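The values are calculated or read from the model by the stated rules, or taken from the named source; none is laboratory data. Everything quoted here is computed from the prediction, not taken from an experiment. Ideal geometry is used to build each Cβ from the backbone, glycine not excepted, and the neighbour counts take in all protein chains shown. To get the accessible areas, we keep the full protein, side chains included, count just its heavy atoms, and leave off ligands, DNA and RNA. Shrake-Rupley method; radii C 1.70, N 1.55, O 1.52, S 1.80 Å.
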Amino acid sequence: MGEKGIKALDLRRIYPIKIVWAPYVPNRDVPLFFDEKIKLMEEFSQYALYMAKQHLASHNNTEDNEQAYLSDIQMVAYSLKSFCEYLRVKSKFWKEIEDCDLEEYKDWELANVKTKNSSRTEKTAQETVNRKLRVIYQFYWWAQEIQALMEGWIGWPTAPIRSKLPDYMKDPEAFNKKGEVKKTIYPLCFRRTGARSIHKRQHFATDDELNRLRRYFREFCAPLSAERNILIVDIIEHVGWRGGSVRSLLVEHFSKEVIDSALAQGLREIEVTPPEQKFGYQNAYDVKIKLAIRVASFIKDVRKPILERLGVGEEKAQGHLFISFTTGKPLGNKRISRIIADGFKAIGLRKGSGGHSIRRKFGKETATEILQTRQKRGFSDDPKSVVLDLMPKLGHSAAASHTSYTHGKEDMYKRTEESRLREQVAELQTEVSQKQLENARLHRELDKLKPSSS
């Protein structure tokens, strides 16, 4: 700090709690915490390093996993920073903290969170505080059980910090079967924030429902419109994209060159990066080659004839895969959502069923595949590890990943070869689609041959 041009720190001054991100391994940083005197807060920094090691032990250090790592470690960093700020304001040492202090922190942090625009309601603010509280409980578990920095400080029922987290970490399965007991793991968290009830109300599309939806489109929509609508449904089912990402897909993503190159290399997938992704991500996703070939057929047999019939070109369609069959312009996100929601409504499903129902189906089935793969390879199947694997596939949505994990684990014992079956379903859907398109083409040819009534 004494170098020329850099002002020396006045260590008599009270500084804010500071996080400095330090390189750990290539492309992975860890947070270091500094107190109001710019002194390293060793225990909090060591815990962040421990969490980084835990993550990297079960995830390859690749670009694909970078965002999952960042989401995980940032949650730790900013939760502990908040707690350290509370300790500074209250002039308390972390080893002195008891339940009454955590309860005071909870109310203190809730007031802070509610001043931020991102927390629109009381319940969302409470759930934000809950996430931070869970990190703090886990920090004390680590300090006691892993580092032996304290003894008997967190436990049940008479410890200064009352929690069954140490018991849970030893045997998570015992708690999965007892809903009421779960409340003792993080007992000071706000109840009824809406997180669990929302998940209960959410609808997960089923194979039967999607088959009925496809039949509805084929029976009540014009043939080419039906194929467009069904392809939208099938892309969400097999890739899990949000409506906005589907809307942004371009013809160039499924060009003959891209597919021929994949086939020449013997690949079973192509990589597609939807231009529109949540939070502005630019992540590439694997699309099965069979589905990609089907999309290419749609471009040639449906999209191209529609543009020719309308007498418009790419200046109107802007290269988008899905277009309006009346104007040739790209379909909007709301229109795609409405197509699916109206279809679900027509087959008698409750209000709220839509594109996200299909996305949840993808999440649940993908969670099942991940659980099976991790078990076969001898990896841990604890929720945290599985959720981190799921997040990139679901566009880094932690809430969706947690829900998918829960439902996927329920299905894991009912399904044995999920991935293989999903590929077979995709192939059958492609065959059905191609037959439907051929039927539509033959009908058009027959109409041309019919004598004119004039």
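Is one or more of the residues making up the stretch 222-236 surrounded by 15 or more Cβ atoms within 10 Å (Cβ to Cβ), assigned to a loop (DSSP other than H, G, I, E, B) and either touching an Asp or Glu at 6+ places or on another chain (Cβ under 9 Å) or modelled with pLDDT under 90 (or both)? No, the stretch 222-236 has no match at all.
Based on this model, can you work out whether Leu213 counts as in a helix (DSSP H, G or I) and either at pLDDT 85 or above or touching a helix residue (DSSP H, G or I) at 6+ places or on another chain (Cβ under 8 Å) (or both)? Considered against the rule, which asks whether it is in a helix (DSSP H, G or I) and either at pLDDT 85 or above or touching a helix residue (DSSP H, G or I) at 6+ places or on another chain (Cβ under 8 Å) (or both), Leu213 comes out as yes.
Applying a threshold of 8 Å to beta carbon distances and a minimum spacing of six or more residues, or different chains, the list of pairs starting in the stretch 324-349 at a residue that is without any contact (Cβ under 8 Å) to a residue 40 or more places away in the chain and ending at one that is open to solvent by 20 Å² or more (accessible area, probe 1.4 Å) and part of a helix (DSSP H, G or I) reads Ser324/Arg335; Thr326/Leu310; Thr327/Leu310; Thr327/Lys316; Gly328/Leu310; Gly328/Lys316; Lys329/Lys316; Ala341/Gly355. The one condition from (1) out of contact with any helix residue (DSSP H, G or I) (no Cβ under 7 Å at 6 or more places or on another chain); (2) part of a helix (DSSP H, G or I) that Phe44 does not meet is (1). When you look at Lys278, is it more than 14 Å from Arg359 (Cβ to Cβ) and either of a type in the set (D, E, K, R) or in contact with a strand residue (DSSP E or B) (Cβ under 8 Å, 6 or more places away or on another chain) (or both), yes or no? Against the criterion (more than 14 Å from Arg359 (Cβ to Cβ) and either of a type in the set (D, E, K, R) or in contact with a strand residue (DSSP E or B) (Cβ under 8 Å, 6 or more places away or on another chain) (or both)), Lys278 does not qualify. Restricting Glu98, Glu104 to residues that are open to solvent by 20 Å² or more (accessible area, probe 1.4 Å), of a type outside the set (Val, Ile, Thr) and more than 21 Å from Glu36 (Cβ to Cβ) narrows the list to Glu98. Can Pro305 be described as open to solvent by less than 70 Å² (accessible area, probe 1.4 Å) and within 19 Å of Phe362 (Cβ to Cβ)? For Pro305, the condition - open to solvent by less than 70 Å² (accessible area, probe 1.4 Å) and within 19 Å of Phe362 (Cβ to Cβ) - is not met. Restricting attention to the stretch 246-275, the residues that are under 21 Å from the mean Cα position of the chain (by Cα), open to solvent by 10 Å² or more (accessible area, probe 1.4 Å) and closer than 21 Å to Phe325 by Cα add up to 1. Considering every residue within the stretch 155-178, establish whether at least one is within 21 Å of Ile17 (Cβ to Cβ) and open to solvent by 70 Å² or more (accessible area, probe 1.4 Å). Looking for residues that are within 21 Å of Ile17 (Cβ to Cβ) and open to solvent by 70 Å² or more (accessible area, probe 1.4 Å), one finds none in the stretch 155-178, hence no. Of all residue pairs spaced 6 or more apart or on separate chains, those with beta-carbon atoms under 9 Å, a first member in the stretch 251-271 that is in contact (Cβ under 8 Å) with a residue 12 or more places away in the chain and within 18 Å of Tyr285 (Cα to Cα) and a second member that is assigned to a loop (DSSP other than H, G, I, E, B) and among the small types (Gly, Ala, Ser) are Val251/Gly319; Glu252/Gly319; Glu271/Ala284. Considering the stretch 352-381, and only residues there that are open to solvent by less than 50 Å² (accessible area, probe 1.4 Å) and outside any helix (DSSP H, G or I), the residue that is modelled with the highest pLDDT turns out to be Gly354.
Taking the listed residues Thr62, Thr128, Thr158, Thr115, the one that is outside the structural domain of Leu371 (by the TED database) and touching a helix residue (DSSP H, G or I) at 6+ places or on another chain (Cβ under 9 Å) is Thr128, with no other qualifying.
Kindly indicate the residue of the stretch 320-337 that is of a type outside the set (S, T, N, Q), assigned to a loop (DSSP other than H, G, I, E, B) and modelled with pLDDT of 90 or more and also most open to solvent (accessible area, probe 1.4 Å) among those meeting that condition. Taking the candidates together, the pick is Lys329.
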